[in-house]
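The next block holds one structure in the form of structure tokens; read it before the comments.
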Amino acid sequence: GVSLTLKDTSPFSERCFFPDFVDYFPQADRTSKDALRRHTNRTNYSCVDRDVLDQLYMRIYEQRLDGAPMIRLIANAEMISARPEGGRVFLRLRDAHDGAVTALDADLTILATGYRDLGPGPGDEPFPPILAEVIDHFRFDNDGYLVVGRDYRIEALDDQTPILFLNGLCETSHGIGDAGSFSLLALRARILLEGVLDALDVAGVPGIAGAG
């Protein structure tokens with residue numbers, strides 16, 4: 001983008017990490033889920049805390065005054081190639097707006113690519129790869145998303161399929177709070193435990209009374 005983006009730390013926006021939002025999100029249809037994710041995206045992704053932005057800007061400014069700049073911020077660019085040679089990495093960058101191509105060589109290149117959401121979209125994965133051999137036994141909705149219950153249980157196609165739960169992979173079904181929010185870890189653990197106990201109870205597994 002044009003520059004680093006300020007993280008949305010408004011107490012109003014951060015209500016998306018409250019339990020009531022996690023209850024609200026799964027009930028929405030796919031169009032609404034996508035809209036809610038767009039609205040809450042800057043509370044967690046591709047953004048920086050204000051104190052970090054201020055410190056970084058000041059450091060760049062002071063280094064420029066000293067005539068010894070060590071930090072360079074390259075905006076509006078996409079990497080189109082990377083070639084390792086002689087212990088260095090040679091990059092070609094293209095400006096996203098005027099198309100100009102420039103070269104850059106570096107000692108080290110870090111690709112901060114993040115992770116893939118569950119879903120049918122570009123860059124998504126339809127299911128966790130570990131489930132490849134059993135995924136035909138589970139249900140996908142009309143939009144191509146794996147059907148995940150409120151208790152993180154994947155919906156099976158029949159009663160003979162083993163019960164499976166997903167932990168920390170459910171942002172597309174449960175909202176941004178599932179993307180590692182520490183404030184919701186204990187709540188998620190409780191919901192998962194209750195779901196497991198309920199599944200065992202339904203299956204008639206003995207010896208679980210009072211296990212909660």
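The values are calculated or read from the model by the stated rules, or taken from the named source; none is laboratory data. Note that the structure is a prediction, hence the values are computed from the model and not measured. FYI the Cβ positions are ideal-geometry reconstructions off the backbone, even for glycines, and counts take in every protein chain you see. The area values use the complete protein model at the heavy-atom level, side chains included, leaving out ligands, DNA and RNA. Shrake-Rupley method; radii C 1.70, N 1.55, O 1.52, S 1.80 Å.
Numerical summary
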{"item": "Per-residue [θ]222 nm for the chain (sum of -39500 (n - 2.57) over DSSP H runs n ≥ 4, rounded to 500)", "result": "-8000 deg cm²/dmol"}
{"item": "Accessible area of Phe165 in the full protein assembly, 1.4 Å probe (Å², nearest 10)", "result": "60 Å²"}
{"item": "Sites Arg92 and Val147, calculated FRET efficiency, Cβ-Cβ separation with R0 41 Å, nearest 0.05", "result": "0.45"}
{"item": "Heavy atoms of Arg190: accessible area, 1.4 Å probe, square angstrom to 10", "result": "130 Å²"}
{"item": "At R0 = 35 Å, FRET efficiency that the Cβ-Cβ distance of Ala112 and Leu157 yields, to 0.05", "result": "0.40"}
{"item": "FRET efficiency estimate (nearest 0.05) - Cβ-Cβ, Asp51 to Ala28, R0 45 angstrom", "result": "0.85"}
{"item": "Candidates Thr31, Thr102, Thr40, ranked by Gaussian network fluctuation over the chain, Cα under 10 Å, top entry", "result": "Thr102"}
{"item": "Region 92-212: C-alpha gyration tensor shape, a/c 1.5 cut-off, then a/b vs b/c", "result": "prolate"}
{"item": "For the chain, accessible area per residue (1.4 Å probe, heavy atoms of protein chains only), Å²", "result": "68 Å²"}
{"item": "Crossing angle, helix 30-40 versus the chain [Cα axis fit, 0-90 degrees, rounded to tens]", "result": "50 degrees"}
{"item": "The chain, relative contact order [Cα under 8 Å, separation at least 6], %", "result": "19 percent"}
{"item": "Contour excess over end-to-end distance, with Cα ends at Ser81 and His137 and 0.36 nm allotted per residue", "result": "16.1 nm"}
{"item": "Residues of region 22-52 with amide N under 16 Å of a point placed 7 Å along Cα→Cβ from Leu73", "result": "46-52"}
{"item": "For percent of Cα pairs over 26 Å apart, calculated from these coordinates, the label among [x] 54; [y] 33; [z] 44", "result": "[x]"}
